[in-house]
Amino acid sequence: MDELYTCTGAWRTVLQAADGADRRWMDGHCLFAVLGGKGRLSIDEEQWLLHPGTVVFCNPNRLVDMQAADRRHLEVACVRFRIVRRSEAADEAGVYREWTNGWLTDGAIETGASYRAAELIRDILAASASADAGDVQLMRRDILLYELLLQLREIGSTAMSQAAAPDHRTAIRTVISHLQQHYQEEITREAMAALAGFHPRVFSGLFKQETGIGFADYLADIRIRKAKEQLLLTRDNLDEIARNVGYSNGLYLSRKFKQATGFSPKAYLREPKRVVIYDLIGSLLALGVKPVGASYFYGLAKHPLLREELQGIADVGRTSVQPVIDLEPELIVVPLWLGSELIGKLQAIAPTMIVPYGDPVDRMRRLADALGKREEAEACVSGYMERAKQIREEIVEAIAPGETVGLYELSSDSVWVFSEFHGRGGYNLYRAMGLEPPESVRRHVMGRGMITELRIEQLPEYAADHMFVCYPFTAESEQWVTRMMQHPVWSSLDAYRCNRIYFIDRQLFHSADVLSMIKQLELQRELLLKHRGAGGGPCVFVHEKNDFNP
């Protein structure tokens with residue numbers, strides 16, 4: 001046998017129209033069977049109408065959205081399964097590997113097999129419900145799954161054909177697909193009725209009967225949803241957005257927008273939103289906006305600078321997007337470094353702002369524009385820059401005009417040189433306080449938003465008069481940090497001999513969001529003023545224990 005199947009879960013859900021959408025991220029192959037009622041199911045925004053007996057197949061890594069029709073209920077059973085296939089590689093004879101790519105085409109199975117498939121899914125659900133009784137029920141569940149999937153496999157891609165569907169359902173499905181793909185074009189009820197092959201009055205009745213919503217409202221819902229995305233994610237004006245979503249001008253869009261949401265587009269931007277943000281949490285908090293969910297490199301608990309501010313915010317992690325779906329965000333904010341795979345999943349859930357590498361203040365301003373918080377952003381930036389100017393004047397005896405400053409991080413076998421854009425307090429040093437880097441750092445590192453890795457023997461080429469050296473202040477790192485700091489290259493540096501090396505905790509200085517930068521600025525002030533008054537040996541350790549890192 002070249003393909004093996006295992007049921008990994010089965011469940012039943014009942015939705016009322018008032019419940020709204022049931023949204024799930026499907027990380028395995030799935031079959032949905034409608035046991036009762038009517039509604040709609042979307043897979044990555046492609047939509048199918050649901051009726052008793054309808055079976056829908058879904059490949060892995062899809063966002064599924066189910067909703068009951070107006071004034072109706074919807075009862076659906078779902079079976080999730082995994083597939084392993086025999087490897088075709090010559091050197092892997094007899095080896096089976098999990099198959100996570102497409103199996104059949106996503107969509108409704110509208111053949112004569114659909115009702116038998118629905119019956120089998122009911123039986124699998126029943127076997128799953130009594131699986132606690134022992135392995136016999138689990139085995140029976142897999143046998144039923146085999147019968148179901150072998151049927152579908154024999155049908156193959158023709159299982160997705162809608163030829164056997166009632167004519168009016170196929171016609172309405174064709175119209176829905178057209179609306180989703182061409183919403184930005186001029187669309188009339190008469191044209192869509194002609195596409196479906198019905199008189200306009202008959203078409204209107206059938207459309208509402210099958211979808212639970214009138215044709216005009218359905219089209220407006222698509223367009224307003226797309227308009228919201230563009231308001232949040234672009235800087236286009238209202239006329240441009242109107243043309244992009246199928247309306248003649250911004251005034252007409254504004255009227256339709258207010259009818260649908262209760263707000264004008266401008267007021268909508270200023271309305272509080274449910275935001276989920278990755279890594280750049282402090283830039284959102286600096287605007288006075290508390291996200292409903294957030295993720296940080298090492299978990300929210302590993303962001304000590306913002307410990308108090310993060311209270312009550314759900315940690316959505318990075319291993320699954322289901323926690324994000326459950327929070328029903330209206331906007332997701334992600335940095336580019338999150339990676340295309342995870343960003344692609346999040347884009348399927350809600351409008352997703354992708355923030356590039358670069359200036360952290362510019363990043364906050366872009367976020368402020370999407371949330372109608374530009375005034376708050378400018379007030380924050382102004383206060384931050386004024387405070388940096390004050391601190392620069394306070395530390396003039398520690399770092400005199402004309403003396404250079406460098407920012408470095410130790411790893412277990414190399415040294416990294418940081419720019420002003422990549423965290424570790426660099427923006428504070430170089431942009432806010434206006435300190436100068438060594439010429440080698442200016443030429444090879446600054447302004448690029450990236451970092452440069454050196455062998456420790458190369459450190460003198462990039463050394464500064466004052467050197468901020470970052471590393472993890474943890475027991476796990478103690479051995480390799482000690483080894484790196486015992487390297488003879490340090491004693492050759494003027495900064496070492498003149499007691500101008502400042503050690504900073506990587507955990508405290510890792511983040512480059514604006515609120516973290518404001519707090520890091522105060523720690524840098526404390527470090528330099530304390531160091532200025534210190535005497536003795538060439539290196540002074542500070543911030544090993546403090547209020548932020550007890």
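The values are calculated or read from the model by the stated rules, or taken from the named source; none is laboratory data. If you're wondering where the values come from, they're calculated on a predicted model, not measured in any experiment. Please note: Cβ atoms are built from the backbone with ideal geometry, for glycine as well, and neighbour counts cover all protein chains shown.
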Determine if region 533-550 includes at least one residue that is among the charged types (D, E, K, R) and either modelled with pLDDT of 85 or more or crowded, with 18+ Cβ neighbours inside 10 Å (or both). no
Can you name the residue in region 202-245 that is without any contact (Cβ under 8 Å) to a residue 12 or more places away in the chain and of a type in the set (S, T, N, Q) and is also farthest from Thr352 (Cα to Cα) among such residues? Gln209
Tell me yes or no: at least one residue of region 14-26 is touching a strand residue (DSSP E or B) at 6+ places or on another chain (Cβ under 6 Å) and of a type in the set (Asp, Glu). yes
Residue pairs meeting the criteria (Cβ under 6 Å; at least 6 apart or on separate chains; first touching a residue at least 60 places away in the same chain (Cβ under 8 Å) and closer than 20 Å to Ile124 by Cα, in region 19-43; second assigned to a strand (DSSP E or B) and small (Gly, Ala, Ser)): Ala33/Ala77; Leu35/Ala77
Give me the residue from region 358-412 that is polar (S, T, N, Q) and not in a helix (DSSP H, G or I) and, out of that set, nearest to Gly423 (Cα to Cα). Ser411
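So how many residues does region 194-246 have that are within 18 Å of Gln47 (Cα to Cα) and either basic (Lys, Arg) or touching a Lys or Arg at 6+ places or on another chain (Cβ under 8 Å) (or both)?
Residues meeting the conditions: 12.
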Pairs with Cβ under 9 Å, 6+ apart, first in region 487-499 and crowded, with 16+ Cβ neighbours inside 10 Å, second polar (S, T, N, Q) and in a helix (DSSP H, G or I): Val489/Gln458
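Need at least 1 residues that are touching a strand residue (DSSP E or B) at 6+ places or on another chain (Cβ under 7 Å) and on the phi < 0 side of the Ramachandran plot per element, so show me which helices (runs of 4 or more DSSP H) inside region 161-235 make the cut, counting only ones lying wholly within it.
Output list reads 167-182, 200-211, 215-233.
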